[in-house]
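The values are calculated or read from the model by the stated rules, or taken from the named source; none is laboratory data. It should be emphasised that the depicted structure is a prediction, and the values quoted were computed from it without experimental measurement. Ideal geometry is used to build each Cβ from the backbone, glycine not excepted, and the neighbour counts take in all protein chains shown.
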Amino acid sequence: MDCFTSAMKKRRAVTNHMGTMHAAAMANLIELTASGAVQASIPRSARWIPSGMNIEYLKKAKTDLRSVCKFDIPDWHKNQDLSIEVQLFDINEQQVARGVVLIRVGPKD
């Protein structure tokens, strides 16, 4: 199993009108983390592209965020769709969101 983490500082550019982390910023962090995990793991002889994403916002995100992605390394040379799960945590280790990014992988032509 591979693990990849990332983080986002709370600042005005990523907050909404209520002063909490914007849903779109959290979605971007989820996609960045899943894509980074795949990019760090895939061999040069294979390729990937995101094909979809599902997100659940569990509670207001009022602090910096940390993302965690764990997934089993697949057979990169088989055409398939991977479901990469990412969890977002605040500085108090409370889960504020989770998402699944669908990644299509396969061999390079």
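For Lys9, the conditions (1) loosely packed, with under 15 Cβ neighbours inside 10 Å; (2) at pLDDT below 95 are fulfilled apart from (2). In the set (1) in contact with a strand residue (DSSP E or B) (Cβ under 8 Å, 6 or more places away or on another chain); (2) surrounded by fewer than 16 Cβ atoms within 10 Å (Cβ to Cβ); (3) closer than 28 Å to Lys10 by Cα, the condition left unmet by Ser35 is number (2). Yes or no: segment 64-87 includes at least one residue that is buried (at least 17 other Cβ atoms within 10 Å of the Cβ) and among the basic types (Lys, Arg). Yes, there is a match, as at least one residue in segment 64-87 is buried (at least 17 other Cβ atoms within 10 Å of the Cβ) and among the basic types (Lys, Arg). What about Val96, is it under 16 Å from Ile30 (Cβ atoms), hydrophobic (A, V, I, L, M, F, W, C), within 12 Å of the chain's Cα centre (by Cα) and crowded, with 19+ Cβ neighbours inside 10 Å? Considered against the rule, which asks whether it is under 16 Å from Ile30 (Cβ atoms), hydrophobic (A, V, I, L, M, F, W, C), within 12 Å of the chain's Cα centre (by Cα) and crowded, with 19+ Cβ neighbours inside 10 Å, Val96 comes out as no. With respect to the conditions (1) modelled with pLDDT under 95; (2) within 30 Å of Asp109 (Cα to Cα); (3) surrounded by fewer than 17 Cβ atoms within 10 Å (Cβ to Cβ); (4) under 15 Å from the mean Cα position of the chain (by Cα), Asn54 falls short on a single one, namely (1).
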